[in-house]
Amino acid sequence: MNPRESWLLFALGSAFFAALTALFGKLGVAGINSNLATFIRTVVILGVTAALLSLRGEWVRPTGLPWSSWVFLLLSGLATGASWLCYYRALQLGPVSKVAPIDKLSVAMVIVLGLVFLGEKPSVPMLLGGALIVAGALVIALF
């Protein structure tokens with residue numbers, strides 16, 4: 001697979017692991033505080049990421065990063081934290097089969113955000129796919 005296509009392999013991996021995240025998260029929040037569950041998940045992710053950086057020798061001095069990277073990574077971290085807190089609470093309160101599809105509305109939302117803020121070019125397949133994601137999430141959640 002050439003480098004231009006390798007994103008697809010990682011995107012499929014992301015989808016697979018996100019599905020496992022929903023399943024294991026639903027089982028994990030049973031009987032405990034959802035915020036504590038999110039904290040435990042975050043500590044595990046921190047450990048796994050630190051181990052990966054160490055094994056691959058990818059640690060660098062963060063002082064060399066551009067300030068814009070710091071700002072956007074900070075904002076991304078805050079958004080991730082808010083998303084995880086909401087997600088685990090939703091998993092605690094609702095069925096995983098309805099929570100996960102609603103969570104995936106983020107795909108349609110990011111299409112709109114990419115068009116508006118990043119200047120990405122719309123295409124018929126992109127817009128149709130986004131609309132189908134919205135329709136699917138609504139069908140699953142409402143029926």
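Quick note: the coordinates plus some simple rules give every number you see, no bench work behind them. Since the model is a prediction, treat every value here as computed from it, not as a measurement. Methodologically, a virtual Cβ is constructed for each residue, glycine included, from the backbone with ideal geometry; neighbour enumeration extends over all protein chains shown.
So here's what we get for this one:
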quantity	calculated
All positions within the range 90-104 that are over 11 Å from Gly25 (Cβ atoms) and over 11 Å from the mean Cα position of the chain (by Cα)	Leu93, Gly94, Pro95, Ser97, Lys98, Pro101, Ile102
Selection count, the range 130-142, where residues are in contact with a helix residue (DSSP H, G or I) (Cβ under 8 Å, 6 or more places away or on another chain) and over 15 Å from Pro95 (Cα atoms)	5
First in the range 42-67 and farther than 25 Å from Leu85 by Cβ, second anywhere and surrounded by 10 or more Cβ atoms within 10 Å (Cβ to Cβ), Cβ under 6 Å, 6 or more apart	Trp59/Leu53
Residue match in the range 84-93 (condition: of a type outside the set (Val, Ile, Thr), without any contact (Cβ under 8 Å) to a residue 12 or more places away in the chain and under 23 Å from Ala15 (Cα atoms))	yes
Residue within the range 46-54 that is of a type outside the set (Lys, Arg) and under 15 Å from the mean Cα position of the chain (by Cα) present	no
Residue match in the range 109-128 (condition: among the hydroxyl-bearing types (Ser, Thr, Tyr) and within 24 Å of Phe17 (Cα to Cα))	no
Exclusive hit being free of Cβ contacts under 8 Å to residues at least 24 places away in the same chain and under 17 Å from Ala15 (Cβ atoms), set Gly114, Gly136, Gly129, Gly119	Gly129
Total residues in the range 1-36, condition over 15 Å from the mean Cα position of the chain (by Cα) and among the β-branched types (Val, Ile, Thr)	2
